[in-house]
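The values are calculated or read from the model by the stated rules, or taken from the named source; none is laboratory data. None of these values were measured; they are calculated from a predicted model. FYI the Cβ positions are ideal-geometry reconstructions off the backbone, even for glycines, and counts take in every protein chain you see. When the accessible area is computed, the model is the full protein with side chains, heavy atoms only, and any ligands, DNA or RNA have been set aside. Shrake-Rupley method; radii C 1.70, N 1.55, O 1.52, S 1.80 Å.
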Number of protein chains: 2
Amino acid sequence: MSQVIHVRTKYVLILGAALLSVVTLFVTYWNNDSLSLDGFRNTASSSSSSPSSSSSSSSPFSVFSSSSKKEPLFKKAPIGSAKCEAALEYQKTVLYNYYKHMFDGIKYAAIINFPDYPNKGDSAIYVGERELLKDLGIETVYMCASLNDYSREALQNSLEGKDPKLVAMAFQGGGNFGDLYPDHQALRMQVARDFPDIRIVSFPQSIWFNSEDYLNQTREVYSAHSDLRLAARDRESYGRGVNYFGLTNDLALVPDIVFYLGPHPELRNQEVTTDVLVLARRDNEGGQKHGNEQLYTSQFSAANLTYRIDDWLDWDPPSATDPEATFEQKGLDRYYAGTEFLARSNYLIADRLHAHVLSLLLGIPHVVVETSKMGKVRQYHYTWLRDCTQPGVSAVVDSEEKAIQMLLEWKEKNLI
Amino acid sequence: MSQVIHVRTKYVLILGAALLSVVTLFVTYWNNDSLSLDGFRNTASSSSSSPSSSSSSSSPFSVFSSSSKKEPLFKKAPIGSAKCEAALEYQKTVLYNYYKHMFDGIKYAAIINFPDYPNKGDSAIYVGERELLKDLGIETVYMCASLNDYSREALQNSLEGKDPKLVAMAFQGGGNFGDLYPDHQALRMQVARDFPDIRIVSFPQSIWFNSEDYLNQTREVYSAHSDLRLAARDRESYGRGVNYFGLTNDLALVPDIVFYLGPHPELRNQEVTTDVLVLARRDNEGGQKHGNEQLYTSQFSAANLTYRIDDWLDWDPPSATDPEATFEQKGLDRYYAGTEFLARSNYLIADRLHAHVLSLLLGIPHVVVETSKMGKVRQYHYTWLRDCTQPGVSAVVDSEEKAIQMLLEWKEKNLI
């Protein structure tokens with residue numbers, strides 16, 4: 001008899017769980033739709049091209065759903081594309097679960113170090129963070145870009161009446177943890193000093209210190225904080241992080257936050273104006289100087305391919321220069337300007353990490369050139385993207401000559 | 001009009017997804033039940049204490065389900081317990097997602113290096129692997145323990161008629177990757193040589209090489225394999241892995257596989273025979289020698305606590321010595337013998353990593369003593385278990401004196 005009751009109870013539980021699933025799915029549907037409309041109401045971009053518009057792919061359930069039949073992201077290289085897409089999906093899953101854990105119980109966040117400058121990669125990082133916080137049901141109550149606009153009082157005011165246990169400071173992810181970009185690090189240290197008891201969660205960063213003094217200062221401030229959690233986005237940065245902060249702060253190895261946005265092939269729906277975009281960084285980070293006109297002209301004209309050399313650092317979309325524009329608007333507009341910039345070419349040669357990242361998410365076949373000793377791209381690639389090294393998908397090489405040869409070879413084999 | 005159709009389509013999709021959830025829940029229920037019965041049919045343990053019996057907690061959906069109200073794992077330290085339990089749940093989630101990704105498309109596995117010896121920690125690792133493979137719907141078609149029972153032909157025969165793309169070799173996780181235990185490593189190298197084109201997936205390991213020659217041999221074999229993926233379980237091992245294999249093999253940082261089993265407070269339902277178990281390793285790995293009788297007698301008798309000093313290395317449960325017993329039976333029986341061994345005391349002082357791990361999962365307050373330079377426990381703790389360093393839950397210290405003092409302090413404060 002007790003066996004019968006036991007079995008019945010189980011079925012009731014199962015039916016209850018099923019009912020819960022239905023409710024959850026409705027709620028997820030409703031939330032995503034309303035959020036995506038809200039987020040884009042005042043921006044230049046149409047809501048149909050927003051990351052949130054593919055609402056099902058950003059719902060937590062989709063992380064485990066078996067993917068339905070769809071066109072390969074890299075159409076002419078379907079087998080390589082499938083392997084790479086699995087790696088992209090995995091990174092999104094890792095990010096969701098890590099930050100769900102880090103922000104457990106948190107309802108309000110302050111974003112520290114919003115990237116208020118034209119670098120499209122850093123804007124993509126902001127958009128990834130925004131999307132993730134939204135999916136976790138966390139409201140962003142404060143944002144600041146630098147020590148110039150940061151104010152302890154303003155941040156304190158934005159938390160007025162809120163239980164401090166429900167609040168976290170979120171440090172912007174990217175390549176600026178350390179002393180390559182000391183202004184950014186100075187802001188973070190100030191916030192850690194000003195709010196010693198509020199949880200601080202870092203979005204994934206590269207870690208790089210040249211000055212031991214500056215490292216020691218940072219360590220002193222970070223270790224004095226009661227609950228500051230760091231995240232490195234590649235294995236070398238993780239190793240440095242362990243050496244520098246491993247005894248005092250929690251530190252995880254997680255992918256770059258832009259992968260949280262997932263594949264967005266629809267962002268390629270742009271008029272193509274050139275065959276190959278050579279995206280060569282003009283800030284010479286790591287001493288890299290690419291974009292030798294003569295080389296490209298001779299090689300590509302022989303293959304009857306057009307090209308142009310450009311960077312996404314120096315210009316802003318018009319809406320982002322509007323003095324009335326909010327940080328959110330600027331971040332989104334710069335992100336879409338960056339993806340549009342990439343989508344106007346069929347193939348890409350680039351030396352920026354986020355040109356690599358966004359080309360993967362958009363499905364643009366590309367080769368990354370890295371001659372920098374920092375090895376930012378290569379270290380990232382080895383940590384998370386080995387499965388994306390596929391003919392017709394992507395590769396990382398150490399010279400522009402090799403990059404050109406590889407693209408031409410893929411073209412000849414009809415892989416791109 | 002198209003808008004209306006669009007909305008209708010969405011609702012149909014949602015209802016379809018809901019229906020799928022119902023079906024999935026039924027299938028999950030059915031699978032877990034039948035597998036758990038099957039797995040335990042011939043063992044001494046009752047199925048009610050098996051990891052699979054809490055079927056809902058091992059279903060992939062539960063990873064995202066909000067946890068229902070339940071008793072804290074560490075009853076007298078509820079706040080610390082909640083933080084630690086979140087860290088335990090997170091590790092399970094990481095493991096599920098990583099191996100789901102690694103075994104994507106795999107239907108059959110061969111387990112290489114089954115731990116056919118009385119060490120209860122290694123048996124727990126096997127049980128974690130077994131549970132995970134089961135949850136991923138992967139059938140184990142072959143197992144071997146060492147070069148003595150391994151046979152290329154037997155393994156080949158077990159794969160007869162199976163598409164090689166659906167097969168993976170699974171390397172047992174634990175502390176034996178490297179030359180601390182060269183026999184284990186020799187077996188893995190042989191399998192990598194014998195099956196150069198079958199995917200090899202490692203369960204999480206510590207990595208430790210003393211001999212550069214042996215490291216070079218291993219690297220040569222591993223790099224020659226077409227698809228061998230490594231996993232380190234702590235940050236130091238990960239760093240060594242990056243240095244040794246980082247250019248040739250895929251390498252991830254994931255938790256010890258035993259955390260896949262999740263909390264099992266019901267395994268503490270044993271008659272308690274002593275207050276404090278001092279689990280002191282007798283193999284002296286890392287040069288550790290603990291278990292000074294005089295010290296414990298003087299300290300604990302003053303506090304009116306009984307204790308005993310023992311290790312779980314040298315003895316086997318009777319069923320595991322049965323010459324007819326399968327590897328599966330032996331692994332499960334040793335695992336349950338290990339948890340029973342721990343559960344017969346109220347508190348624990350230990351120098352073994354898996355005494356730490358299993359005490360956390362069972363909810364036994366404990367202090368780990370680590371004097372070894374390898375820092376196996378400490379490195380693991382810093383990588384994944386910082387949030388379990390809580391009064392009344394667990395701690396890692398560097399002397400037996402400190403461990404005793406900490407337990408006595410917790411006792412005095414009524415935290416244990």
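The figures follow:
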read-out	value
Sequence of B:LYS70, B:LYS289, B:LYS92, A:LYS120 from largest to smallest accessible area, 1.4 Å probe	B:LYS289, B:LYS70, B:LYS92, A:LYS120
Mean shadow area of segment B:239-295 over all directions, Cα convex hull, nm²	7.5
Accessible area in the full protein assembly, largest first, 1.4 Å probe, for B:ASP316, B:ASP351, A:ASP122	B:ASP316, A:ASP122, B:ASP351
Chains A and B, summed buried accessible surface - 1.4 Å probe, Å², nearest 100	3800
Cα point-scatterer Debye curve for segment B:89-261, base-10 log of I(q)/I(0) at q = 0.12, 0.19 Å⁻¹	-0.48, -1.36
Alpha-carbon spread of segment A:265-413, three principal axes, descending order, Å	48, 33, 29
Whole-Å distance, taken between Cα centres, linking segment A:123-181 and segment B:96-135	40
Nm distances between copies for A:ASN243, ranked from closest, using label points 7 Å along Cα→Cβ	1.0
Label-to-label distance, nm, for residues given as A:ASN243 and B:LEU415 (7 Å Cα→Cβ offset)	3.5
Whole-number accessible area per residue in Å² for segment B:89-261, which is evaluated in the context of all protein chains at 1.4 Å	33
Label-point separation, B:SER226 to B:LYS83 (7 Å along Cα→Cβ), nm	5.0
B:GLU293-B:ASP183 FRET efficiency (beta carbon distance; Förster radius 41 Å; 0.05 resolution)	0.75
Inter-site label distance for A:LYS165 and B:ARG282 at 7 Å from Cα along Cβ, in nm	4.7
Backbone HN-Hα couplings from phi across segment B:190-205 [Karplus 6.51/-1.76/1.60, Hz, Gly and Pro as x]	4, 5, 4, 5, 6, 10, x, 10, 9, 4, 10, 10, 8, 6, x, 10
For B:ASN269, inter-copy label distances in nm, listed shortest first [label point 7 Å out on the Cα-Cβ vector]	5.8
Accessible surface, segment B:293-335, averaged per residue in Å² (probe 1.4 Å)	53
Surface share of carbon and sulfur [accessible, 1.4 angstrom probe, percent] for segment A:265-413	47
Across the identical copies, how the A:LYS373 labels are spaced - nm, sorted shortest first, 7 Å along Cα→Cβ	3.1
For residues of A:91-101, the mean tally of beta carbons on other chains within 10 Å	4
List of segment B:214-247 residues, accessible area with partners at least 20 Å² below that of the chain alone (1.4 Å probe)	B:ARG229, B:ARG235, B:TYR238, B:VAL242, B:GLY246, B:LEU247
Segment A:ASN210-A:ARG344, extension gain: residue separation times 0.36 nm, minus the distance between their alpha carbons	44.5 nm
Selection from A:ALA403, A:LEU353, A:LEU415, by position along the positive dipole direction of segment A:351-416 (Cβ)	A:LEU353
